[in-house]
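The values are calculated or read from the model by the stated rules, or taken from the named source; none is laboratory data. Please read these numbers as outputs of a predicted model, since none were measured by experiment. FYI the Cβ positions are ideal-geometry reconstructions off the backbone, even for glycines, and counts take in every protein chain you see.
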Amino acid sequence: MAILHTVNKSPYEKASLESCVQRSDAGAAILLIEDGVYAALAGGAKADLVKAALADRKVFVLEPDLKARGLADQALIEGVESVDFDGFVDLTTQYDQVNAWL
Amino acid sequence: MKYAIMINEGPYNHQASDTAYNFCKAALDKGHEIIRVFFYHDGVNNATRLGVPPQDDRNITEKWVALGKEHDLDLSVCVAAAQRRGLLDEGEAQRWGKDVNNIAEVFHITGLGQLVEACIQADRLVEFGD
């Protein structure tokens, strides 16, 4: 059973992304939303977290939240895919369960 | 697909209520069904009709009310979380001898049983919070 994980806090503020990457399974997906989008930026000090996840999981970032933070033009870590809210909804249908790392 | 939505954070804290609203709107526009939006913990503060945000800011409660009316949504507020935080409907205000009630229209006070029921009936539970 594949799970869609949502992470809404910056990895520079909380360890929720780290916990999520450590505990989620291969085949899962991680969607970065709200302040979680900071983790998607290339060259970030915590970029290795997302790169580790990309080895066997998909990583998505919510584009409206990148835009809201003035980050829409910033380079993302290679392999991270952008989605809008329509894409967020579609992801919840493509995975069996949604787990929010709050 | 049938969704149950859970909101654990008040309006204007960070972004949970806005994200949940945008998610619900996108899901409804795609033809999905939202069987219940359950407001829990500080999320119950989304239901106050006495909020007066600045005119150039969004009124989160009014947005939920409008979406609720348009799609006949069940906007459920946890009773225990609501009582602690002073969120009362007419019946609760009378019961506790308070001089005012403050629940916005469309929202209604329910209990955790309604969250469990929504989780059973829905295909997905999507949670938004702090």
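Worth a mention:
- Residue that is farthest from the other protein chains (Cβ to nearest Cβ), among those in region B:24-37 that are out of contact with any helix residue (DSSP H, G or I) (no Cβ under 6 Å at 6 or more places or on another chain) and not basic (Lys, Arg): B:VAL37
- Filtered residues of region B:107-126 (kept if crowded, with 18+ Cβ neighbours inside 10 Å and touching a Leu at 6+ places or on another chain (Cβ under 7 Å)): B:PHE107
- Failed condition for B:TYR40, given (1) within 9 Å of another protein chain (Cβ to nearest Cβ); (2) within 12 Å of the chain's Cα centre (by Cα): (1)
- The single condition among (1) of a type in the set (D, E, K, R); (2) exposed (fewer than 15 other Cβ atoms within 10 Å of the Cβ); (3) farther than 26 Å from A:VAL7 by Cα that B:ASP89 does not satisfy is (2).
- Residues located in region A:1-31, provided they are aliphatic (A, V, I, L, M), within 14 Å of A:VAL98 (Cβ to Cβ) and at pLDDT 95 or above: A:ALA2, A:ILE3, A:LEU4, A:VAL7, A:ALA28, A:ALA29, A:ILE30, A:LEU31
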